[in-house]
Amino acid sequence: MPTSITAVVTDAPERYAKQLLAHLGRKNTVEPVDGVPEGGRLLFAYGVGIVRPEAGRLVLEATAADDESLARVQDVLARHLERFGARRELTVHWSI
C-alpha cells in the first residue's frame, strides 16, 4: 500500500489536529491513535489519514490501496489544513 508522510511546522499542532479531525470527522469515521490522545485516524472510502500532533509540528500520514487514492487522501488533508492555517501560511509538502 502506498504511504506518504509530512510534518508541518506550527506552534499550535494540537489545535490544528483537533480542528482537522473535527471538520473531516463530520463525513468520515475518526478512530483514536494509540498513545496520541490529541491525534486520530480518519477512515475515508478511498484510504486512511493519520493526524498526529507532536512538539512544534503536525504530522500527517496518508495511506491508500493505489497511487490515485493516495493522492486523494493527501489532497483532502493538505487542502483543509492549509485553509485552516492560511493566516500562519501553513503549507504541506508530502514525501513518499
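Over the chain, dividing the summed -39,500 (n - 2.57) contributions of all DSSP H runs of at least 4 residues by the number of residues returns a 222 nm mean residue ellipticity of -10000 deg cm²/dmol. The GNM of the chain, with springs linking C-alpha atoms under 10 angstrom apart, assigns the highest mean-square fluctuation among Gly49, Gly35, Gly85 to Gly35.
Taking the Cβ-Cβ separation of Asp75 and Glu31 as r and a Förster radius of 22 Å, what is the calculated FRET efficiency to the nearest 0.05? Efficiency computed from Cβ-Cβ geometry: 0.55. Residue order for Thr10, Thr3, fewest other beta carbons within 10 angstrom first, comes to Thr3, Thr10.
For region 1-52, relative contact order (Cα pairs under 8 Å, six or more residues apart, normalised by length) works out to 27 percent.
Would you mind getting me the FRET efficiency between Phe84 and Met1? Use the beta-carbon distance for r and R0 = 25 Å, nearest 0.05. After rounding to 0.05, the efficiency reads 0.40.
Per residue, the convex hull around the alpha carbon atoms of region 3-88 comes to 82 Å³. Between Ala12 and Asp66, the C-beta separation translates, for a Förster distance of 22 Å, into a calculated FRET efficiency of about 0.05. Sparse packing (at most 14 other Cβ atoms within 10 Å of the Cβ) combined with a DSSP loop state is found for the following GluC sites (Glu not before Pro) in region 56-96: Glu89.
No value in this document is a laboratory result; all are computed from the given coordinates. The structure presented is a predicted model; accordingly, all values stated were derived computationally and were not measured. Please note: Cβ atoms are built from the backbone with ideal geometry, for glycine as well, and neighbour counts cover all protein chains shown.
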